[in-house]
């Protein structure tokens, strides 16, 4: 009779020998998992066979990093001012969302860092979850976001009236789950804010409402001062940059319909550069905008919010941004802002406070009526004798 230990070893050997191997053909196909494994950094990614210069010794070298390095003129300081912290505290207490934080805007320190009369914050309506998934945007997405807060229009109006700013930008996530895309909600917020603080100038940065003409007109006629809708990029890059439901011609139509809905309404849009567009395409986009009577255009550099978003194709130089500002002027835009860190809502109050803003209002209201501008204290004032 064999010892028990010998029998146990024989059984283990037998079980190992005849155990079936898992079939590779039965392994489920998981493309997202496979891509994640491919993108995972390996030790070889941090090694290079090239000798490092003396100035770089002691630093890690990325051998496979093909992403352009961030130029110095795009680097900003971490905001620490008392004004920034106070505004952030106010917004938290009032439970307001801002696109400044949700979209990780690099200008938040500048926009929130001054006195309240000069500060600009972009309040984001209808929650912080979008139904679309543009490849450049850091705002979270869902097919079924939470329902609208019916108290938001009143609460927002009350908060803004107590905040003491002279110019406010209201934007929103896309809400394709709503029949009107949220147009009635935005319009009601504008109306209530104007009722509580008529001196505050309001810019609404709107979604495209899926091209719904009634929804666009409802917002345009709500009492706002500036109707903004962003083209984001040129026509050829739109399918690669934006959500498939956002279309170049549809965005042009939104701006055209808003202009027709209310006489004298200022219309505004913004373009990101550095996503693979050509100079010829940018020029054609500017001509398309002027053909639809858009008054204001801004140019800014696309910056990748996280590694999950599309890569930057190129970093545009400040000199090139100056070039596009000159093109906008020559094409007849009444106001423009162009620079690496410019965003659609970047210091938006400068639109009506600056001399260029006075020219804009002069062009819309007529020379004989003077220019209605906003003072540092947030009061409306008619400025006579202004000439373009």
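Scanning the range 247-270 for residues that are under 14 Å from residue 205 (Cβ atoms) and under 17 Å from the mean Cα position of the chain (by Cα) returns 251, 268, 269, 270.
For the range 295-306, a residue qualifies if it is under 19 Å from the mean Cα position of the chain (by Cα) and not in a strand (DSSP E or B), and the qualifying residues are 302, 303, 304, 305, 306. Is it the case that the range 125-135 has a residue that's outside any helix (DSSP H, G or I), buried (at least 19 other Cβ atoms within 10 Å of the Cβ), at pLDDT 95 or above and in contact with a helix residue (DSSP H, G or I) (Cβ under 7 Å, 6 or more places away or on another chain)? No, the range 125-135 contains no residue that is outside any helix (DSSP H, G or I), buried (at least 19 other Cβ atoms within 10 Å of the Cβ), at pLDDT 95 or above and in contact with a helix residue (DSSP H, G or I) (Cβ under 7 Å, 6 or more places away or on another chain).
For the subset of the range 173-187 comprising residues that are crowded, with 19+ Cβ neighbours inside 10 Å and in contact with a helix residue (DSSP H, G or I) (Cβ under 6 Å, 6 or more places away or on another chain), which member is farthest from residue 133 (Cα to Cα)? Once the filter is applied, the top-ranked residue is 187.
In the range 203-216, the condition of being at positive phi, crowded, with 23+ Cβ neighbours inside 10 Å, at pLDDT 90 or above and touching a strand residue (DSSP E or B) at 6+ places or on another chain (Cβ under 9 Å) is met by no residue. Suppose the filter is over 19 Å from the mean Cα position of the chain (by Cα) and either modelled with pLDDT under 60 or closer than 25 Å to residue 340 by Cβ (or both); does residue 71 pass it? Criteria met by residue 71.
The values are calculated or read from the model by the stated rules, or taken from the named source; none is laboratory data. All values derive from a computational prediction rather than experimental measurement. We place every Cβ from the backbone using ideal geometry, glycine too, and count neighbours over all the protein chains shown.
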